[in-house]
Amino acid sequence: MGKERKRGRVVVISGPSGSGKTTICDRLGLDPRIRVAISATTRPPRGAEKDGVDYHFFTTREFERLIAEGKLIEHAKVLGNYYGSLRAPMERAVEAGLCYVLNIDVQGGSAIKKLLPDSTFIFVVPPGEEELRRRLEKRGTDSPEDIRRRLELARKEMEYGKYYDHVVVNDTVERAVDEIKKIIFGEK
């Protein structure tokens, strides 16, 4: 008898902009048991971002076609741009027995909770609002007005943590990654 392959699982990681989700997910992606989703978006690339590496960049028309064809498991419009998660890579990873991590906003997390309620939901928070402001400013990718809007949105998004299975404070990336791996794999 052949060994039956264990199905993987989906993990949703959300949190306010600047909470460190992307850095955490990049570190999680170094683990061979984990695949991190590459989100699709209509926003323009920032800095040295590359299509298919950092994001899948689409025009609004292309993105709306993906929606119409059912090729996204979730999507939302945030600050004037579409963001979403492609269905096919998730299905391949789960079939291969891997943990598939989605780094998505709270709107996307809510959509996944309805669609895939057995997923694990983790909410990442910064140690405080001043640290969040510092991180956003340090990125150097947003105007002062964008930072103000992101902080305002972050205050609202922080309320969503109560709907997640776990809340992880990102005081240091290493500690947050270790805590998330313990949650995902039950490691001590």
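The values are calculated or read from the model by the stated rules, or taken from the named source; none is laboratory data. The structure displayed is predicted, hence computed values, not measured ones. With ideal geometry, Cβ positions are generated from the backbone for all residues, glycine too; neighbour counts draw on all protein chains shown.
Scanning region 2-36 for residues that are within 25 Å of ASP171 (Cβ to Cβ) and of a type in the set (Gly, Ala, Ser) turns up SER14, GLY15, SER17, GLY18, SER19, GLY20, GLY29.
Got a sec? Which of VAL177, VAL167 is buried (at least 19 other Cβ atoms within 10 Å of the Cβ), under 24 Å from VAL101 (Cα atoms) and either among the aliphatic types (A, V, I, L, M) or touching an Asp or Glu at 6+ places or on another chain (Cβ under 7 Å) (or both)? Outline the logic, then answer.
Values: VAL167 fails: buried (at least 19 other Cβ atoms within 10 Å of the Cβ).
The unique qualifying residue is VAL177.
Reported count of residues in region 117-149, each being more than 16 Å from the chain's Cα centre (by Cα) and either among the polar types (S, T, N, Q) or within 21 Å of LEU79 (Cα to Cα) (or both), is 19.
Just a yes or no: is a residue in region 166-178 in contact with a Leu (Cβ under 8 Å, 6 or more places away or on another chain) and either in contact (Cβ under 8 Å) with a residue 40 or more places away in the chain or in a helix (DSSP H, G or I) (or both)?
From region 166-178, those in contact with a Leu (Cβ under 8 Å, 6 or more places away or on another chain) are 177; that's our starting set.
If we keep only those that are either in contact (Cβ under 8 Å) with a residue 40 or more places away in the chain or in a helix (DSSP H, G or I) (or both) as well, we get 177.
So far as region 166-178 goes, yes, one or more of its residues are in contact with a Leu (Cβ under 8 Å, 6 or more places away or on another chain) and either in contact (Cβ under 8 Å) with a residue 40 or more places away in the chain or in a helix (DSSP H, G or I) (or both).
Can GLU137 be described as outside any helix (DSSP H, G or I) and either charged (D, E, K, R) or under 12 Å from PRO16 (Cα atoms) (or both)? Quick ask: steps written out before the conclusion?
Working: outside any helix (DSSP H, G or I): no; either charged (D, E, K, R) or under 12 Å from PRO16 (Cα atoms) (or both): yes.
When the stated conditions are applied, GLU137 does not pass them.
Could we say that GLY70 is within 14 Å of the chain's Cα centre (by Cα) and either of a type outside the set (A, V, I, L, M, F, W, C) or more than 22 Å from LEU28 (Cβ to Cβ) (or both) here? It is false that GLY70 is within 14 Å of the chain's Cα centre (by Cα) and either of a type outside the set (A, V, I, L, M, F, W, C) or more than 22 Å from LEU28 (Cβ to Cβ) (or both).
So how many residues does region 21-35 have that are more than 10 Å from the chain's Cα centre (by Cα), of a type outside the set (Val, Ile, Thr) and surrounded by 20 or more Cβ atoms within 10 Å (Cβ to Cβ)?
Qualifying residue count for the region: 2.
Is one or more of the residues making up region 151-163 of a type in the set (Ser, Thr, Tyr), more than 24 Å from ARG46 (Cβ to Cβ) and modelled with pLDDT of 90 or more?
Going through region 151-163, the residues of a type in the set (Ser, Thr, Tyr) turn out to be 160, 163.
Checking the rest, the ones that are also more than 24 Å from ARG46 (Cβ to Cβ) come to 160, 163.
Remaining after also requiring modelled with pLDDT of 90 or more: 163.
Yes, the conditions are met somewhere in region 151-163.
Within region 15-37, can you find the residues that are under 23 Å from CYS99 (Cα atoms) and either at pLDDT below 95 or part of a helix (DSSP H, G or I) (or both)? Correct list: GLY15, PRO16, SER19, GLY20, LYS21, THR22, THR23, ILE24, CYS25, ASP26, ARG27, LEU28.
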